[in-house]
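The block underneath contains the structure these notes are about, expressed in C-alpha coordinates.
The values are calculated or read from the model by the stated rules, or taken from the named source; none is laboratory data. For clarity, every value in this text was computed on a predicted model and none was experimentally measured. Glycine gets a Cβ as well: all are built from the backbone with ideal geometry, and neighbour counts include every protein chain shown.
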Amino acid sequence: MGHVGKLAWSRKARLARGSMFLIPALDYRLILAMENHQAPSVSEEMKICPHCQKEIPKKATRCSYCQADLRKWYGRHPILTVLGVMLLLIIFGSAGSGDQPAPSSQAGTTQNTAESLLSQNTPTIKELSTLPTNYIGKSFPLYVYLQTDRYYNYGFNDETAWYSVKIWDSSVDGSFSGVYAYLPKTSQNAGLISKALNAPVLVKVQASVPVSMWQDSSNAFVEVNSWTYQ
Ligand SMILES: [Zn+2]
(Lines give C-alpha, C1' and ligand atoms only; values in the text may rest on other atoms or scores of the structure.)
Protein backbone atom coordinates (compact mmCIF):
# COMPACT_ATOMS: atom_id res chain seq x y z
CA MET A 1 0.00 0.00 0.00
CA GLY A 2 2.72 2.30 1.04
CA HIS A 3 4.59 1.42 -2.07
CA VAL A 4 1.62 2.30 -4.30
CA GLY A 5 1.17 5.49 -2.33
CA LYS A 6 4.78 6.42 -2.82
CA LEU A 7 4.49 5.73 -6.56
CA ALA A 8 1.35 7.84 -6.82
CA TRP A 9 3.06 10.69 -5.04
CA SER A 10 6.10 10.51 -7.22
CA ARG A 11 3.88 10.65 -10.40
CA LYS A 12 2.06 13.67 -9.05
CA ALA A 13 5.35 15.25 -8.19
CA ARG A 14 6.64 14.64 -11.71
CA LEU A 15 3.47 15.98 -13.22
CA ALA A 16 3.71 19.02 -10.99
CA ARG A 17 7.34 19.52 -11.81
CA GLY A 18 6.59 19.00 -15.52
CA SER A 19 3.77 21.56 -15.47
CA MET A 20 6.11 24.09 -13.96
CA PHE A 21 8.07 23.89 -17.19
CA LEU A 22 5.01 23.40 -19.36
CA ILE A 23 3.07 26.47 -18.28
CA PRO A 24 5.79 29.07 -18.87
CA ALA A 25 6.44 27.44 -22.25
CA LEU A 26 2.75 27.79 -23.13
CA ASP A 27 2.75 31.39 -21.97
CA TYR A 28 5.77 32.13 -24.11
CA ARG A 29 4.13 30.61 -27.17
CA LEU A 30 0.95 32.52 -26.40
CA ILE A 31 2.84 35.79 -26.16
CA LEU A 32 4.63 35.00 -29.41
CA ALA A 33 1.31 34.25 -31.10
CA MET A 34 -0.21 37.47 -29.77
CA GLU A 35 2.76 39.48 -30.89
CA ASN A 36 2.65 37.87 -34.32
CA HIS A 37 -1.00 38.68 -34.50
CA GLN A 38 -0.59 42.28 -33.42
CA ALA A 39 2.52 43.10 -35.42
CA PRO A 40 0.81 43.60 -38.86
CA SER A 41 -1.97 45.80 -37.49
CA VAL A 42 0.63 48.12 -35.93
CA SER A 43 2.73 48.53 -39.09
CA GLU A 44 -0.36 49.16 -41.18
CA GLU A 45 -1.10 52.33 -39.25
CA MET A 46 2.47 53.30 -38.39
CA LYS A 47 5.54 54.23 -40.33
CA ILE A 48 9.19 54.90 -39.55
CA CYS A 49 10.31 58.52 -39.59
CA PRO A 50 13.13 58.71 -42.18
CA HIS A 51 14.92 61.32 -40.06
CA CYS A 52 14.91 59.85 -36.54
CA GLN A 53 13.79 56.22 -37.27
CA LYS A 54 11.04 56.43 -34.63
CA GLU A 55 7.64 54.86 -35.22
CA ILE A 56 4.95 57.45 -35.93
CA PRO A 57 1.37 57.36 -37.29
CA LYS A 58 1.28 56.70 -41.00
CA LYS A 59 -0.85 59.78 -41.70
CA ALA A 60 1.44 62.13 -39.76
CA THR A 61 2.73 65.04 -41.86
CA ARG A 62 5.15 66.06 -39.14
CA CYS A 63 7.22 63.75 -36.90
CA SER A 64 6.15 64.10 -33.26
CA TYR A 65 9.70 63.20 -32.13
CA CYS A 66 12.04 65.23 -34.34
CA GLN A 67 9.48 67.65 -35.89
CA ALA A 68 10.63 66.74 -39.42
CA ASP A 69 8.21 67.81 -42.20
CA LEU A 70 7.13 64.51 -43.76
CA ARG A 71 4.94 65.87 -46.58
CA LYS A 72 5.89 65.12 -50.20
CA TRP A 73 8.16 67.65 -51.94
CA TYR A 74 5.26 69.42 -53.70
CA GLY A 75 3.39 69.59 -50.37
CA ARG A 76 6.32 71.40 -48.77
CA HIS A 77 6.87 73.70 -51.83
CA PRO A 78 3.41 74.60 -53.19
CA ILE A 79 4.57 77.85 -54.86
CA LEU A 80 7.54 76.19 -56.58
CA THR A 81 5.23 73.36 -57.69
CA VAL A 82 2.74 75.82 -59.26
CA LEU A 83 5.58 77.73 -60.95
CA GLY A 84 7.09 74.50 -62.26
CA VAL A 85 3.78 73.32 -63.72
CA MET A 86 3.27 76.73 -65.37
CA LEU A 87 6.79 76.60 -66.84
CA LEU A 88 6.12 73.13 -68.28
CA LEU A 89 2.85 74.35 -69.79
CA ILE A 90 4.66 77.30 -71.40
CA ILE A 91 7.42 75.04 -72.77
CA PHE A 92 5.00 72.48 -74.19
CA GLY A 93 2.64 75.22 -75.36
CA SER A 94 5.33 76.95 -77.40
CA ALA A 95 6.63 73.63 -78.71
CA GLY A 96 3.15 72.79 -79.94
CA SER A 97 2.86 76.03 -81.88
CA GLY A 98 6.35 75.62 -83.37
CA ASP A 99 5.06 74.27 -86.67
CA GLN A 100 3.04 77.42 -87.35
CA PRO A 101 4.51 80.26 -89.46
CA ALA A 102 7.40 81.99 -87.75
CA PRO A 103 6.21 84.50 -85.15
CA SER A 104 7.29 88.05 -85.98
CA SER A 105 8.39 88.57 -82.37
CA GLN A 106 11.46 86.37 -82.96
CA ALA A 107 13.77 88.36 -85.21
CA GLY A 108 16.11 85.40 -85.83
CA THR A 109 13.32 83.10 -86.98
CA THR A 110 11.83 85.80 -89.21
CA GLN A 111 15.25 86.38 -90.76
CA ASN A 112 15.66 82.67 -91.49
CA THR A 113 12.20 82.49 -93.03
CA ALA A 114 12.86 85.58 -95.15
CA GLU A 115 16.18 84.13 -96.31
CA SER A 116 14.59 80.83 -97.32
CA LEU A 117 11.73 82.61 -99.13
CA LEU A 118 14.07 85.00 -100.96
CA SER A 119 16.29 82.12 -102.14
CA GLN A 120 13.56 80.08 -103.88
CA ASN A 121 12.75 82.42 -106.80
CA THR A 122 12.68 81.22 -110.41
CA PRO A 123 13.76 83.34 -112.07
CA THR A 124 15.94 85.00 -109.49
CA ILE A 125 16.17 88.77 -109.55
CA LYS A 126 19.70 88.43 -110.91
CA GLU A 127 18.54 86.24 -113.82
CA LEU A 128 15.76 88.73 -114.48
CA SER A 129 18.27 91.55 -114.52
CA THR A 130 20.83 89.87 -116.77
CA LEU A 131 18.47 88.14 -119.24
CA PRO A 132 15.31 90.32 -119.23
CA THR A 133 14.30 89.43 -122.81
CA ASN A 134 13.89 85.77 -121.73
CA TYR A 135 10.97 86.87 -119.57
CA ILE A 136 9.11 89.26 -121.87
CA GLY A 137 5.41 88.40 -121.87
CA LYS A 138 5.76 86.08 -118.90
CA SER A 139 4.33 86.25 -115.37
CA PHE A 140 5.88 84.67 -112.27
CA PRO A 141 5.65 84.84 -108.48
CA LEU A 142 8.62 86.32 -106.62
CA TYR A 143 9.53 86.71 -102.97
CA VAL A 144 11.27 90.06 -102.73
CA TYR A 145 12.30 92.89 -100.52
CA LEU A 146 10.56 95.95 -101.93
CA GLN A 147 11.66 99.48 -101.16
CA THR A 148 11.17 102.92 -102.61
CA ASP A 149 12.62 106.37 -102.28
CA ARG A 150 10.78 109.55 -103.18
CA TYR A 151 13.26 110.33 -105.94
CA TYR A 152 12.47 106.99 -107.65
CA ASN A 153 9.29 108.56 -108.94
CA TYR A 154 10.77 111.82 -110.22
CA GLY A 155 11.19 111.84 -113.95
CA PHE A 156 9.75 108.35 -114.22
CA ASN A 157 8.11 107.69 -117.62
CA ASP A 158 4.57 108.06 -116.36
CA GLU A 159 4.89 109.12 -112.78
CA THR A 160 1.25 110.15 -112.49
CA ALA A 161 0.12 106.59 -113.21
CA TRP A 162 2.86 104.44 -111.61
CA TYR A 163 4.91 104.04 -108.48
CA SER A 164 8.53 103.04 -108.97
CA VAL A 165 10.18 100.61 -106.56
CA LYS A 166 13.33 98.57 -106.28
CA ILE A 167 12.98 94.83 -105.68
CA TRP A 168 15.67 92.30 -104.76
CA ASP A 169 16.10 88.79 -103.40
CA SER A 170 18.99 86.70 -102.08
CA SER A 171 20.60 86.53 -105.56
CA VAL A 172 21.77 90.14 -105.28
CA ASP A 173 25.43 90.67 -104.49
CA GLY A 174 27.93 93.49 -104.59
CA SER A 175 27.72 93.89 -108.38
CA PHE A 176 24.06 94.92 -108.48
CA SER A 177 21.39 95.76 -105.99
CA GLY A 178 18.15 94.63 -107.63
CA VAL A 179 15.82 95.63 -110.42
CA TYR A 180 13.30 98.43 -110.73
CA ALA A 181 9.64 97.61 -110.93
CA TYR A 182 6.51 99.69 -111.21
CA LEU A 183 3.01 99.33 -109.93
CA PRO A 184 -0.18 101.31 -110.59
CA LYS A 185 -0.98 104.33 -108.40
CA THR A 186 -3.94 102.92 -106.49
CA SER A 187 -4.94 103.57 -102.87
CA GLN A 188 -4.04 99.97 -101.96
CA ASN A 189 -0.58 100.38 -103.49
CA ALA A 190 -0.18 103.76 -101.76
CA GLY A 191 -0.32 101.87 -98.43
CA LEU A 192 2.52 99.58 -99.52
CA ILE A 193 4.56 102.51 -100.87
CA SER A 194 4.27 104.47 -97.62
CA LYS A 195 5.40 101.39 -95.71
CA ALA A 196 8.30 100.70 -98.12
CA LEU A 197 9.52 104.31 -98.12
CA ASN A 198 13.20 104.08 -97.13
CA ALA A 199 12.70 100.65 -95.51
CA PRO A 200 12.57 97.21 -97.16
CA VAL A 201 9.27 95.34 -96.93
CA LEU A 202 9.13 91.56 -97.48
CA VAL A 203 6.40 90.80 -100.00
CA LYS A 204 5.38 88.07 -102.39
CA VAL A 205 4.59 89.65 -105.74
CA GLN A 206 3.06 88.37 -108.93
CA ALA A 207 5.42 90.01 -111.41
CA SER A 208 5.46 90.18 -115.19
CA VAL A 209 7.44 91.73 -118.02
CA PRO A 210 4.64 93.07 -120.25
CA VAL A 211 5.39 93.24 -123.99
CA SER A 212 3.70 96.64 -124.19
CA MET A 213 5.94 98.13 -121.51
CA TRP A 214 9.22 96.57 -122.58
CA GLN A 215 11.84 98.99 -123.75
CA ASP A 216 15.34 97.90 -124.54
CA SER A 217 17.82 99.48 -122.15
CA SER A 218 15.04 100.39 -119.75
CA ASN A 219 15.99 99.66 -116.21
CA ALA A 220 12.35 99.50 -115.07
CA PHE A 221 10.70 96.69 -116.95
CA VAL A 222 9.03 94.55 -114.28
CA GLU A 223 5.42 95.21 -113.42
CA VAL A 224 4.07 94.26 -110.03
CA ASN A 225 0.56 93.00 -110.76
CA SER A 226 -0.34 91.99 -107.18
CA TRP A 227 1.41 91.56 -103.85
CA THR A 228 0.94 90.27 -100.30
CA TYR A 229 2.92 91.06 -97.16
CA GLN A 230 5.08 88.14 -95.92
ZN1 LIG B 1 11.37 61.98 -36.63
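Quick grid of which residues meet (1) assigned to a strand (DSSP E or B); (2) within 16 Å of the ligand (Cβ to nearest atom); (3) modelled with pLDDT under 90:
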| position | (1), (2), (3) |
| --- | --- |
| LEU26 | no, no, yes |
| ARG29 | no, no, yes |
| GLU44 | no, no, yes |
| HIS51 | no, yes, no |
| MET86 | no, no, no |
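Which one of SER187, SER171, SER194, SER139 is surrounded by fewer than 19 Cβ atoms within 10 Å (Cβ to Cβ) and closer than 21 Å to SER116 by Cβ? Show your work before the answer.
Working: SER187 fails: closer than 21 Å to SER116 by Cβ; SER194 fails: closer than 21 Å to SER116 by Cβ; SER139 fails: closer than 21 Å to SER116 by Cβ.
Checking each option against the conditions leaves just SER171.
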